[in-house]
Amino acid sequence: MGVRFRWLGYVCFEFVLPSGKVLVVDPYIDYSPTAPIQCSEVTGADYMALTHGHYDHITDVGSLLQKFHSKVLCSREIAEPLSRAFNIDLGDLIRVSAGDRVEFGDLQIEVKRGLIPCRNHARGQR
């Protein structure tokens, strides 16, 4: 079985790995005007990857972490504010920087630096 993925609204995606474990990227679901489901309907989140700290990429990290005890990957820059905002122990966050590689048994993530900002994010809009 290959990787399956589905769009969960705006910039949030769910990837089901061949192992059956689930990676959720940029969990913005409950307040997203485009999400086809609510967080309560997410059936797994073994891993979460946060591309950056804007609200429309992290809003539901707390809900999913509480429900699934996910491994959360985030940049070193947003780890402390994220920890405070969602009452997450810093030790529960996997802090990464550009150039890092993180490997789990069923998932490898290579962290790249964004070179060209999203037009809307660059103007401070959504």
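Identify, from the list THR43, THR51, the residue that is touching a His at 6+ places or on another chain (Cβ under 7 Å), hydroxyl-bearing (Ser, Thr, Tyr) and not in a strand (DSSP E or B).
Working: THR43 fails: touching a His at 6+ places or on another chain (Cβ under 7 Å).
Unique residue meeting the criteria: THR51.
Being more than 25 Å from LYS112 (Cα to Cα) and either modelled with pLDDT under 95 or touching a Ser or Thr at 6+ places or on another chain (Cβ under 9 Å) (or both) is the filter here, so list the residues in the range 1-32 that pass it.
Correct list: MET1, ASP30, TYR31, SER32.
Counting just the residues of the range 61-101 that are assigned to a loop (DSSP other than H, G, I, E, B) and among the hydroxyl-bearing types (Ser, Thr, Tyr), which one comes out nearest to LYS112 (Cα to Cα)? Working first, answer last.
Of the residues in the range 61-101, the ones assigned to a loop (DSSP other than H, G, I, E, B) are 69-70, 87-89, 97-100.
With the extra rule that they be among the hydroxyl-bearing types (Ser, Thr, Tyr), the set shrinks to 70, 97.
Details: SER70: 22, SER97: 8 Å.
My answer is SER97.
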**Prompt:** Any chance the range 84-107 includes a residue that's touching a Pro at 6+ places or on another chain (Cβ under 8 Å), modelled with pLDDT of 95 or more and surrounded by 15 or more Cβ atoms within 10 Å (Cβ to Cβ)?
**Reply:** no
**Request:** Only residues in the range 19-39 that are at positive phi count as the first member; pair them with residues that are part of a loop (DSSP other than H, G, I, E, B) and surrounded by 22 or more Cβ atoms within 10 Å (Cβ to Cβ), Cβ under 8 angstrom, at least 6 apart or cross-chain, and list the lot.
**Result:** ASP26/CYS12; ASP26/LEU50
**Request:** Would you point out the residue of the range 53-67, among those that are touching a residue at least 40 places away in the same chain (Cβ under 8 Å) and within 22 Å of GLN108 (Cβ to Cβ), that is surrounded by the most Cβ atoms within 10 Å (Cβ to Cβ)?
**Result:** HIS57
**Request:** Would you point out the residue of the range 10-27, among those that are crowded, with 16+ Cβ neighbours inside 10 Å and assigned to a loop (DSSP other than H, G, I, E, B), that is nearest to the chain's Cα centre (by Cα)?
**Result:** ASP26
**Message:** Among the residues of the range 27-84, what is the count of those that are of a type in the set (A, V, I, L, M, F, W, C) and within 17 Å of GLY9 (Cα to Cα)?
**Reply:** 12
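Would you be able to tell me the number of residues in the range 86-113 that are touching a residue at least 12 places away in the same chain (Cβ under 8 Å) and either among the polar types (S, T, N, Q) or at negative phi (or both)? So that I can check it myself, show each step before the final result.
Let us first name the residues in the range 86-113 that are touching a residue at least 12 places away in the same chain (Cβ under 8 Å), namely 86-88, 92-99, 102, 104-107, 109, 111-113.
Cutting the leftovers down to either among the polar types (S, T, N, Q) or at negative phi (or both) gives us 86-88, 92-98, 102, 104-107, 109, 111-113.
Number satisfying all stated conditions: 19.
The values are calculated or read from the model by the stated rules, or taken from the named source; none is laboratory data. Just so it is clear, the structure is predicted and the values come from calculations on it, not from any experiment. Here the Cβ is made from the backbone with ideal geometry for all residues, glycine too, and neighbour counts use every protein chain on show.
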